[in-house]
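This report concerns only the one structure given below.
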Amino acid sequence: MIAFVKGEVVSYTVDTVVLNQNGIGYEIVYPHTNELHLHEEILIHTYMHVTENGITLFGFSSLEEKNFFIRMIGVKGVGPKTVINMLSSQGYDKIVVAIEAGSIDQLKKIPGIGDKSARQIILDVKGKLIPSTEKENTKKTQNYPSEVQDAIDALKNLGYKQGDLQNVVNIFIENPGLSVEEYLRLGLQYLGR
């Protein structure tokens, strides 16, 4: 198993990159080729996918993306190329928020995801993308209702900083009694402005 490749970007296409690592060119299916520059040195976390048709190396900008990919390819009807399309078209943060919020409509905007697939993704993955230990640690430090705290934790795990979230927390408190999913949608709408 190749866990990561660190090397120089030799070439890239819409969905692949070739990295030179000690004279060996690794071709990697990568969702963020629009962020690459020729001859820069980068580290890409990888997952080697073996099928009867061949071996493909899929690449990710973070371990969170890689773990997301591994979890998603376990969902019935969702293949590796579909997950790469999800990451390249929507980005990790937006997808996780959509799944945690149960937003079938948001997932259906992704090429290759229909109503049935979107429902299956939410059924299989919702609640499993955010580490529970982080949820519990944050809950101990605040006195917000559990639904508010869970939504805050989800947004933090998506990379939003505490400073960005202070206004969101105030909005949450002004709207008591919502579910975690409703708070997530509200937070996403505010942060997306």
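The values are calculated or read from the model by the stated rules, or taken from the named source; none is laboratory data. These numbers come from a predicted model, not from an experiment. Note that each Cβ is placed from the backbone with ideal geometry, even for glycine, and that neighbours are counted across all protein chains shown.
Quick notes
- When residues in the range 8-22 are screened for being at pLDDT below 95 and not polar (S, T, N, Q), 2 of them pass.
- Pair list, Cβ < 7 Å and 6+ apart or interchain, from the range 106-134 residues that are over 17 Å from Gln90 (Cβ atoms) to residues that are at pLDDT below 85 and assigned to a helix (DSSP H, G or I): Ile130/Asp153; Ile130/Ala154; Ile130/Asn157; Glu134/Asp153; Glu134/Asn157
- Tabulated pairs, the range 166-180, first under 19 Å from Lys156 (Cα atoms), second assigned to a loop (DSSP other than H, G, I, E, B) and modelled with pLDDT under 80, C-beta under 9 angstrom, 6+ apart or interchain: Val168/Tyr160; Val169/Gln142; Val169/Tyr144; Phe172/Tyr144; Phe172/Pro145; Ile173/Tyr144; Ile173/Pro145
- Helices (runs of 4 or more DSSP H) enclosed by the range 1-113 - at least 3 residues per element that are within 15 Å of the chain's Cα centre (by Cα) and surrounded by fewer than 18 Cβ atoms within 10 Å (Cβ to Cβ): 63-72, 80-89
- Selection within the range 153-165 - of a type outside the set (Ser, Thr, Tyr) and either closer than 18 Å to Val96 by Cβ or touching a residue at least 12 places away in the same chain (Cβ under 8 Å) (or both): Asp153, Ala154, Leu155, Lys156, Asn157, Leu158, Gly159, Lys161, Asp164, Leu165
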